[in-house]
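This report concerns only the one structure given below.
The values are calculated or read from the model by the stated rules, or taken from the named source; none is laboratory data. None of these values were measured; they are calculated from a predicted model. Because the Cβ atoms are built from the backbone with ideal geometry, glycine has one as well, and the counts that use them run over all protein chains shown. Just the protein is used for accessible areas: all its heavy atoms, side chains included, with ligands, DNA and RNA removed. Shrake-Rupley method; radii C 1.70, N 1.55, O 1.52, S 1.80 Å.
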Amino acid sequence: MGAAAGAGAGTAAPDRGRWWWPVLAAALGLLTTGVSALEVYTPKEIFVANGTQGKLPCKFKSTNTTGTLTTVSWSFQPEGADTTVSFFHYSQGQVYPGNYPPFKDRISWAGDLDKKDASINIENMQFIHNGTYICDVKNPPDIVAQPGHIRLYVVEKEILPVFPVWVVVGTVTAVVVGVILLVTMVLAVLYRRRNSKRDYTGAQSYMHN
């Protein structure tokens with residue numbers, strides 16, 4: 001009898017343990033409800049003329065509205081380096097610039113969290129600012145996101161074209177062709193008028209004769 005009772009107790013313990021798994025799964029489900037990934041959008045690369053202001057665009061998409069817990073961080077990986085340096089942080093409407101010397105007194109906030117915009121401006125860009133810029137946004141409970149990466153090139157002003165070359169060439173060609181067509185049409189109209197007048201004068205002379 002004692003052996004039978006012991007066997008019964010031994011089988012009851014695993015049964016009680018099985019009840020914990022649904023409870024644990026339900027608790028994890030409650031903790032993760034509403035948490036989703038942010039989507040951050042940045043251009044792959046931008047070109048900025050040396051000595052001018054550069055805007056680093058950064059947009060994001062989140063299922064939750066922005067608020068006091070929303071934060072934006074920018075970091076920089078210099079050209080040829082393997083490490084990144086944090087140089088800007090934005091939280092609760094306040095700007096917290098880092099102490100990284102290349103960006104001292106150069107950074108300004110250009111975004112609007114209500115419009116899901118986390119962009120910044122960098123004044124007087126120099127060649128030391130060549131590198132990769134990383135935009136990281138947190139909007140709890142949406143905190144799992146892949147940061148956006150921008151490859152920025154600082155170039156001489158003369159090298160940076162105001163318009164693409166093909167646009168300039170196309171515009172000039174269109175203007176030249178348009179002028180040629182206009183001149184051709186004017187000459188054709190004048191030629192027809194002259195011939196019409198000559199034919200009219202000839203017809204009058206024939207009638208008088």
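Miscellaneous remarks
- Residue 151 contributes an accessible area of around 50 Å² to the protein surface, as traced by a 1.4 Å probe with all chains present.
- Take residue 45: with every protein chain present and a 1.4 Å probe, its accessible area is about 100 Å².
- The distance between label points at residue 123 and residue 179 comes to 4.4 nm (points 7 Å beyond Cα on the Cα→Cβ vector).
- Of all lysines in the structure, the ones whose alpha carbon falls short of 22 Å from that of residue 104, not counting any fewer than 8 places away in one chain, are 55.
- Above-threshold pairs, the threshold being 23 Å between Cα atoms, out of 115/157; 59/138; 44/157: 115/157
- Available extension along the chain between residue 195 and residue 63 is 40.0 nm, counting 0.36 nm per residue and deducting the alpha carbon span.
- Here's the picture: a label point sits 7 Å out from the Cα of residue 108 along the beta-carbon direction, and within segment 37-67 the residues with their amide nitrogen under 16 Å of it are 51-57.
- In units of the rule-of-thumb radius 2.2 N^0.38 Å, segment 86-144 shows an alpha carbon radius of gyration of 1.21.
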